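To start, the structure under review is shown below, and the notes come after it.
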């Protein structure tokens with residue numbers, strides 16, 4: 001298990017569909033950012049997505065055959081890369097392209113060799129990831145749960161989870 005990949009401290013959030021992964025990531029980003037940490041995220045999607053739409057200039061550039069399209073404005077910028085026949089990007093490749101920050105929270109990439117917090121929605125009948133998926137270091141559950149050997153947090157207890165992450169990832173202010 002590697003806490004640092006491509007010079008970035010990385011912790012993952014893993015779980016089955018509808019377990020609350022995205023809500024947890026959002027809450028952790030908000031909590032850690034409010035404490036002054038610079039946090040970035042990587043979201044692995046199992047389906048295609050688009051950040052521009054038909055009729056937009058960037059869409060037209062892609063449709064014309066551009067391999068990459070950069071859209072730049074005062075508030076933000078993005079680069080759209082057309083993978084074509086390439087294999088999907090590995091986590092390491094994405095981390096190497098990202099600007100330095102204090103922590104990257106990764107949603108998805110279940111099989112990665114980075115530490116992960118398992119998210120469980122106890123109302124759903126999903127198998128446990130802890131014990132079968134590598135790198136699970138804590139559990140965030142939708143209700144009371146005990147697990148031998150792993151700390152368990154309330155899925156919405158962002159402050160306690162942020163405290164755990166800061167300690168576990170050895171995030172120290174310079």
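The values are calculated or read from the model by the stated rules, or taken from the named source; none is laboratory data. Just so it is clear, the model here is predicted, and its values are computed rather than measured. Note that each Cβ is placed from the backbone with ideal geometry, even for glycine, and that neighbours are counted across all protein chains shown.
Going by the structure shown, is residue 71 under 20 Å from residue 170 (Cα atoms), part of a strand (DSSP E or B) and either touching a strand residue (DSSP E or B) at 6+ places or on another chain (Cβ under 7 Å) or in contact (Cβ under 8 Å) with a residue 24 or more places away in the chain (or both)?
Answer is no for this residue.
Give me the residue from segment 26-42 that is out of contact with any strand residue (DSSP E or B) (no Cβ under 9 Å at 6 or more places or on another chain) and more than 13 Å from residue 156 (Cα to Cα) and, out of that set, surrounded by the most Cβ atoms within 10 Å (Cβ to Cβ).
35
Across segment 121-144, what is the number of residues that are touching a residue at least 24 places away in the same chain (Cβ under 8 Å), in a loop (DSSP other than H, G, I, E, B) and within 20 Å of residue 2 (Cβ to Cβ)?
The number of residues fulfilling the criteria is 3.
In segment 138-153, is there at least one residue being farther than 18 Å from residue 27 by Cα, at pLDDT below 90 and within 17 Å of the chain's Cα centre (by Cα)?
no
What's the number of the only condition in (1) under 30 Å from residue 125 (Cβ atoms); (2) surrounded by 14 or more Cβ atoms within 10 Å (Cβ to Cβ); (3) touching a residue at least 40 places away in the same chain (Cβ under 8 Å); (4) out of contact with any strand residue (DSSP E or B) (no Cβ under 7 Å at 6 or more places or on another chain) that residue 5 fails to meet?
Going through the list (1) under 30 Å from residue 125 (Cβ atoms); (2) surrounded by 14 or more Cβ atoms within 10 Å (Cβ to Cβ); (3) touching a residue at least 40 places away in the same chain (Cβ under 8 Å); (4) out of contact with any strand residue (DSSP E or B) (no Cβ under 7 Å at 6 or more places or on another chain), residue 5 breaks only (1).
Which of the residues spanning segment 83-102 are without any contact (Cβ under 8 Å) to a residue 40 or more places away in the chain, in a loop (DSSP other than H, G, I, E, B) and touching a strand residue (DSSP E or B) at 6+ places or on another chain (Cβ under 9 Å)?
We begin by selecting, within segment 83-102, every residue without any contact (Cβ under 8 Å) to a residue 40 or more places away in the chain; these are 83-90, 93, 97.
Cutting the leftovers down to in a loop (DSSP other than H, G, I, E, B) gives us 83-90.
Listed by number, the list holds a single entry, 89.
In the set 105, 80, which member is surrounded by 14 or more Cβ atoms within 10 Å (Cβ to Cβ), in contact (Cβ under 8 Å) with a residue 24 or more places away in the chain, in a strand (DSSP E or B) and touching a helix residue (DSSP H, G or I) at 6+ places or on another chain (Cβ under 6 Å)?
Unique residue meeting the criteria: 105.
Identify the single condition in (1) out of contact with any helix residue (DSSP H, G or I) (no Cβ under 9 Å at 6 or more places or on another chain); (2) surrounded by 18 or more Cβ atoms within 10 Å (Cβ to Cβ) that residue 61 does not satisfy, given that it satisfies every other one.
Failed condition: (2).
Among the residues of segment 145-160, which ones are touching a helix residue (DSSP H, G or I) at 6+ places or on another chain (Cβ under 8 Å), in a loop (DSSP other than H, G, I, E, B) and surrounded by fewer than 21 Cβ atoms within 10 Å (Cβ to Cβ)?
Within segment 145-160, 151, 156 qualify.
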